[in-house]
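Heads up: the structure comes next, in structure tokens.
The values are calculated or read from the model by the stated rules, or taken from the named source; none is laboratory data. In this text, all values refer to a predicted model and were calculated from it rather than measured experimentally. All Cβ positions, even for glycine, are placed from backbone atoms using ideal geometry, and neighbour counts span all protein chains on display. Note: accessible area is taken over every heavy atom of the protein model, side chains too, but ligands, DNA and RNA are not part of it. Shrake-Rupley method; radii C 1.70, N 1.55, O 1.52, S 1.80 Å.
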Amino acid sequence: MQINQPSNQIRLTNVSLVRLKKGKKRFEIACYKNKVLEYRSGIETDLDNVLQIPNVFLSVSKGQTAPTQDLAKAFGAKTSVDDIIQEILKKGEMQVGEKERHAQVERIHNEVVDIVAGKLVDPKSKRVYTAGMIEKALEQLSSQGAQHKQEDQGKGTSGTATPTAEGEEGKGKKKELPTWTGVVTTKSTKSQALEAMKALIAWQPIPVSRARMKLRVTCPSNILKQAVKRTAKKAVQEDGEEDEGEKATGTVKDRILSYIEQVETQDTEGQEWEVVGFVEPGAFKGLGEFIGGETKGRGRVEVLDMAVVREGD
């Protein structure tokens, strides 16, 4: 007796799955191992090299493809299959094997170390540390964090292993210091780099402080009170998230000062306003673009020191 298999079933094996829930349905695509990360990082751009088959599934394991009406309801009737696949690839949750997970963790770890190494310096020499030295310091913190966790679980809240800030704020609670236990795949690289820097600064396995640039900004005084003319670019915070706060509104002067963490001097001579202060290295590009665009080339940003450590960090 012949058994007719459903026409919408396709059997696939040895795949990496990417899942996206949308419109109360879960959609899946079947990809070649390691190719999803390459696609998301921009290394691979050809979908044919990423997908095992250019179909959208309700269940890859069952070989059940997604009906056209389900796709139209979830993604829109005019959205092509290629666009749907690209959305799933970019936004979906990747189901990976042990090797792929290890490769992903290693990549994130290396990116975090590189970011941290570029933003922390020795407070005395102002010199940056090598990636290897930062990596060893983070490994030390990771081991320390795991030990604290085990001790806390064994002793409960009565133990002394929970890290606290020096001293107590009056009779209030002790403030816990940031800890580091290694990278995860569920957070952005930039946010994890920020967490790593906070832990390094708090625990000081090696002497570190945030590196800051010392800049001189000059601008014609007659445009300082003008409102920002064009739509300002979103400012990027330390955690990597985009911020549409004060930097996108106000006067030209307000916008310039919003980039500067600490103003050292501020003065007006004749028709020119000058401010000297300290900024995060990541804000330098945005400040330069803003000055160039709003002043039409009449303003300037000069670097006085590439890595200045402000006292009191």
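In the structure shown, the pairs Lys136/Lys198; Lys22/Lys62; Lys22/Lys190 are assessed against 24 Å; a Cα-Cα span above that value is assigned to Lys22/Lys190. Accessible surface ranking for Glu106, Glu28, 1.4 angstrom probe, highest first: Glu106, Glu28.
As a test of reading the structure, rank Met306, Met133 by solvent-accessible area (1.4 Å probe, protein chains only), most first. Before the final figure, lay out the partial values.
Numbers: Met306 125, Met133 90 Å².
Accessible-area ranking of Met306, Met133, largest first: Met306, Met133.
Near the amide H of Lys22, within less than 5 Å, lie the amide hydrogens of Phe27, all on another chain or at least 5 residues away, with H placed in the peptide plane. Estimated from the Cβ-Cβ distance and a Förster radius of 41 angstrom, the FRET efficiency linking Arg19 and Lys136 is about 0.65. Close amide H pairs (under 5 Å, H built 1.01 Å from N) link Glu272 with Ser221, residues at least 5 positions away or on another chain.
Leaving ligands and nucleic acids out of the surface, order Asp48, Asp122, Asp83 by accessible area at 1.4 Å, largest first.
Values: Asp48 115, Asp122 35, Asp83 85 Å².
Descending order: Asp48, Asp83, Asp122.
Counting Lys and Arg as +1 and Asp and Glu as -1 over every other residue whose Cβ lies under 11 Å from the Cβ of Lys24, the net charge comes to +4. Placing dummy labels 7 Å off each Cα toward the beta-carbon, the span from Arg26 to Lys285 is 3.8 nm.
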